[in-house]
Amino acid sequence: MEQKRLLLFVTLSASMLFAWQLFINPKIAPPPAAQNAVENDIQDPQDPDAPLVAIKPDIPGAKNAADEQPAPPQADLLNNPQRTILLGSLDPETGYFLQTKISTTGASLVEAHLNDPLYRDLKDPKQPLQILGQFDAGKNFKRSSLDLDVAQLDAKLAALNVDSHSANWKILDLVKDPDDPKLYQSVLLSLTAPDGSIEVQKKYDLKKYPVPPDDFREFRDTNQSGYMVHFDIKVINHGQAVQKLEYQLLGPIGIPLENAENTRKFRDLRIGFLQDDKSVETEIFTAPDIIENVNAQQVEKYSRAFQFAGVDIQYFAALLTPDGKNYDPQLVNGEMQSNYSASIEPVLVQRGLMDETQSRITVKVNSKDLELAPGGEITHSYAMYTGPKRESLLGPPLNATEIMDLGIFGPVAKLMLWLLTTLHGVGLSYGIAIICLTIIVRGSLYPLSRKQAIGAQKMKELQPQIAELKKKYGDDREKLGRAQMELFSKNNYNPLAGCLPIFMQLPIFFGLYTALNNAVQLRGTPFLWVDNLAAPDALFQMPFAIPFLGDQFNLLPIVTVGLFVIQQKLFMPPPTDKDQELQHKIMNYMMIGMGFMFYHVPAGLCVYFIASSLWGICERKLLDYQSKRRTSTIVGTDPNVIEVEAKSKKTQNRKNKPEEDEPPAKKGWFARLQEIADQAQEQAALNERKQPNSRDRGPGKKSKKRR
């Protein structure tokens, strides 16, 4: 009985304590606000229209700014609020091309987005494309575009356990858009050393331009300055002694690698060096090359003045360039030297774990030694282009058109891009424009294609006689070649004439291939079931992955290669010997290889190849139909008398005059070549008969005449 009472007492007591702590105690004595709470968004009291800012928790040992007693300088530095400022807008009608996010932590350019409706995120077309981002390496280590390192300032900040990247910079000025007070177009930030001797200021600025009522597309595709983020660095000496310092400026960070599983171009580092005649020489640094130099500890610093430096991908680029009236490069000892930078070097941000070509890379600018007198200051101005790779946007004053990668057939590629843009400008979709462009190109090459087809048809008709010649002469290559050339000469057929149209088409083919592979206009453009003409059509995803092909089923490459095989079967003459059989086998293997090669090409290229193949099949069928209606003009020949005819031809031409008034048939190119070879052989034999054999004479003995 006593045990039951004890158990009941304990149960009731525990229930009462639990109810007291859960319901009554929080109302009587609420807990105090947590000292280590998460960041809270508050409104800036000095600017009620400013966006929300984030205040970090108080740092131990730092006084609150609201205390009655004045805070020491280092406390003011540590109490700068963490805030994010948006410059520009995502609305293209505002006149801005970009929206950038600036953080007071390190005065970093955290993000940059393009607001052009043509450039959307491939994974989510409703979102704008992010062209710059922040790299998070873990352990509170983050790097952003245009990060600044000043060793002399960081040495003074070390006593507070912060540096120029982790400290919150103070906002000195925030300029609103005069047309829309909700938007900002410029911000000025400052960071001062604890002793007040050195102050570094960073200013970000975006320009806006009136949107024309008409021709919005041309306005966006020709205005380079709209894609520029202007950036100033000012260093001020507030001390009483001369200050010597230098800075390191980091280039663009976070450029997205789009369609990485299919693209053939990854992040490349481009540096355009100034020449003595103010021209630009562009050098390219790939990620594997930079990794190799980093591993070997042989990263080279280039002291030449640069016009631009940054990272480019297939369709976009982020390029840093010196700017402003103070920039004045000079020729020193035959080399252009910058008055801003002492050197520039490639930087490996993050190595790709699976593929080195997908590593994150950028560039670092090392300034010259800056010597500031007491009260002195110096300003260096830069600008960073963040936009699409279009020739109209990469011209002067940036002078970076060489990053377009148009190759040796650049003029042809530019012409093809112009035609493609013109066709789209008249109202055609880009898919239909590619088909029309194919018709224009193949139509202009029709005379050459017709000549090639006629030659192929004649060669097909000559195959039976060539087979007889091979049976007659067997392995005697010399006689077989002479007989074949005689046969070709009689029928006025030149085998090289069939190759000429192919060589004439090569510049157009490679130029068009390069143009379609670099056309940012095709990026994100739909056609039929294709969502993006700049990527494989990806009809559906397979439940398994095929080696070298992946798990996406691409229909257009299969159709392309299938048409190639049909063309080969229709138009290649049947093999007549073992050599031709081997050639046919090699062509079949090549078609298999082309299937792997074409499987990951952009859908726009496949549309071109399909249209070109269909045109070629119809064109050849038409020419074959026309050739059947003509009477065959093939002249037969007897292999038994070819040698006699070749030897006696000259004699008969000398003795017999032409009875008819018609001029003799013009000799073919091979016949003339063979005639020259025969004359040279006869002359060599004649000279050999006239000269005595040198082996019959001993050294130092004169030759004797034969009796």
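Laboratory data are not the source of any read-out in this text; all were calculated from the coordinates shown. No experiment lies behind these values; they were computed from the predicted model shown. Heads up, the Cβs are rebuilt from the backbone with ideal geometry, glycines too, and the neighbour counts pull from every protein chain shown.
Values for this structure:
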quantity	calculated
Rg/Rh (Cα only; Kirkwood hydrodynamic radius) as it applies to the stretch 261-324	1.02
Relative packing of 122-128, 199-205, which averages over residues the other C-beta atoms within 10 Å, highest first	199-205, 122-128
By average C-beta atoms within 10 angstrom, highest first, the peptides 436-447, 536-547	436-447, 536-547
Mean Cβ neighbour count within 10 Å, used as a protection proxy, ranking 265-273, 287-295 highest first	265-273, 287-295
Calculated SAXS-style log₁₀ I(q)/I(0) at q = 0.16, 0.19, 0.20, 0.21 Å⁻¹ - the stretch 159-301, Debye, Cα scatterers	-1.26, -1.26, -1.27, -1.29
DSSP-loop chymotrypsin sites (Phe, Trp or Tyr not before Pro) across the stretch 80-155, with at most 11 other Cβ within 10 angstrom	141
Relative intensity, log₁₀ I(q)/I(0), of the stretch 240-350 from a Debye sum that treats every alpha carbon as a point, q = 0.11, 0.17 Å⁻¹	-0.43, -0.92
Projected area averaged over orientations for the stretch 46-399, convex hull of C-alpha atoms, nm²	20.5 nm²
Estimated dipole of the stretch 111-233 in Debye, rounded to 20 [Cβ of Lys and Arg +1, of Asp and Glu -1, Cα centre]	300 debye
